[in-house]
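Report on the structure given below.
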Amino acid sequence: MIIPALNESSAIGKVIDDIPNELVDKVIIVDNGSADNTSDVAKTHGATVISESRRGYGNACLAGISFLEKLPPEIVVFIDGDYSSDPKEIDKVLMPILKDEADLVIGYRSSLKMEKGSMPLHAKFGNWFALNLINILYGRSFEDLGPFRAIKWANLKSLKMKSPTYGWTVEMMVKALRRKMRIAEVEVSYRKRIGKSKISGTVKGSMNAGYHIVATIIHNSTR
Ligand SMILES: Nc1nc2c(ncn2[C@@H]2O[C@H](COP(=O)(O)OP(=O)(O)OP(=O)(O)O)[C@@H](O)[C@H]2O)c(=O)[nH]1
Ligand SMILES: [Mg+2]
């Protein structure tokens, strides 16, 4: 399990504690240069902590993947470190892979299971826009680009992921589609993050993320 974390000291302990031990061998927190004590809290709660000084969601995920090279797991699960997704629902994102019905599973945050205020309107719009671009380009009808996801290690490696930023989730989706991987969606809950919002809470952050997301879709679809 790979958890990118930037200044998540108030949330990371709860995230780690809620991970079902029987389903996860290793919990890797990638500390993306936090100014708080995210690393110490994560270690105290029993996780393996690695550091990535280059900022960016994708850079943190890439650092987690390169750490895993020495002990290749069967499946990798990604979840955010802000407690917005529920680690107890990991069985849901694992199941389609364990049943060999999917290579990549995306946790889909249905509006029914989304806590009020967990996702501001402009973040919902950005997600909707990127998703529709993908759906139109690939003739699909995906519901979400959620961060809580599971992928087989071999498939993840074959994607040769590169995006250093928030383009990460769409890069994975678009590349998986182009490689004709089996993608499943499962319904997961979503709640208000613990701690201060870094991205979706600011218009600048959202616009920046939105730009990277759209650029990543176009770049990966036109090659
Ligand atoms: N913003 C940001 N988050 C990072 C970075 N590296 C790792 N992360 C982690 O990536 C996860 C997702 O980032 P979030 O800040 O929750 O992004 P978001 O859910 O779009 O927006 P908010 O929850 O409103 O801040 C969190 O666990 C962050 O701690 C980085 O460079 N920037
Ligand atoms: Mg968040």
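The values are calculated or read from the model by the stated rules, or taken from the named source; none is laboratory data. What you are looking at is a predicted structure, and each value in this text was computed from that prediction instead of being measured. Positions of Cβ are generated from backbone atoms using ideal geometry, with glycine treated the same way; all protein chains shown enter the neighbour counts.
Points worth noting:
- Residue match in region 163-172 (condition: in a loop (DSSP other than H, G, I, E, B), farther than 29 Å from Glu52 by Cα and either touching a residue at least 40 places away in the same chain (Cβ under 8 Å) or within 11 Å of ligand 1 (Cβ to nearest atom) (or both)): no
- Matching option when the condition is in contact with an Asp or Glu (Cβ under 7 Å, 6 or more places away or on another chain), within 15 Å of ligand 1 (Cβ to nearest atom) and either at pLDDT 95 or above or within 12 Å of Ala150 (Cβ to Cβ) (or both), among Pro87, Pro73: Pro87
- Yes/no for Ser158 being modelled with pLDDT of 90 or more and assigned to a helix (DSSP H, G or I): yes
- Scope region 197-223; condition among the hydrophobic types (A, V, I, L, M, F, W, C) and in contact with a Phe, Trp or Tyr (Cβ under 8 Å, 6 or more places away or on another chain); matching residues: Ile199, Ala209, Ile213, Val214
- Of the residues making up region 1-43, those that are farther than 14 Å from Ser53 by Cα, charged (D, E, K, R) and within 18 Å of the chain's Cα centre (by Cα) number 4.
- Residues of region 26-48 classified as in a strand (DSSP E or B) and surrounded by fewer than 18 Cβ atoms within 10 Å (Cβ to Cβ), total: 1
- Identity of the residue in region 185-214, among the hydroxyl-bearing types (Ser, Thr, Tyr) and not in a loop (DSSP other than H, G, I, E, B), that ends up surrounded by the fewest Cβ atoms within 10 Å (Cβ to Cβ): Tyr211
- The set of residues from region 85-124 being under 23 Å from Ala5 (Cα atoms) and in a strand (DSSP E or B) comprises Leu104, Val105, Ile106, Gly107, Tyr108, Arg109, Met114.
- Every pair of residues 6+ apart whose Cβ atoms lie under 8 Å, when the first sits in region 53-66 and is farther than 21 Å from Lys152 by Cβ while the second is acidic (Asp, Glu) and more than 16 Å from ligand 2 (Cβ to nearest atom): Asn59/Glu52
Yes/no matrix, rows are residues, columns are (1) within 16 Å of ligand 1 (Cβ to nearest atom); (2) more than 29 Å from Asp31 (Cβ to Cβ); (3) assigned to a strand (DSSP E or B); (4) of a type outside the set (Asp, Glu):
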position: Gly126; (1), (2), (3), (4): yes, no, no, yes
position: Phe142; (1), (2), (3), (4): no, yes, no, yes
position: Gly146; (1), (2), (3), (4): yes, no, no, yes
position: Ile151; (1), (2), (3), (4): no, no, yes, yes
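- Taking first residues from region 175-194 that are at pLDDT below 95 and partners that are within 16 Å of ligand 1 (Cβ to nearest atom) and in a strand (DSSP E or B), no Cβ contact under 9 Å between residues at least 6 apart in sequence or on separate chains turns up.
- Every residue from region 76-134 that is acidic (Asp, Glu) and in contact (Cβ under 8 Å) with a residue 60 or more places away in the chain: Asp80, Asp82, Asp86, Glu89, Asp91, Glu101, Asp103, Glu115
- Single residue of Arg149, Arg140 found to be of a type outside the set (Val, Ile, Thr), more than 16 Å from ligand 2 (Cβ to nearest atom) and either touching a Gly at 6+ places or on another chain (Cβ under 6 Å) or farther than 19 Å from Ala215 by Cβ (or both): Arg140
- Scanning region 75-84 for residues that are within 16 Å of ligand 2 (Cβ to nearest atom) and either among the β-branched types (Val, Ile, Thr) or not in a strand (DSSP E or B) (or both) yields Ile79, Asp80, Gly81, Asp82, Tyr83, Ser84.
- Identity of the residue in region 10-25, part of a loop (DSSP other than H, G, I, E, B) and touching a residue at least 60 places away in the same chain (Cβ under 8 Å), that ends up nearest to ligand 2 (Cβ to nearest atom): Ala11
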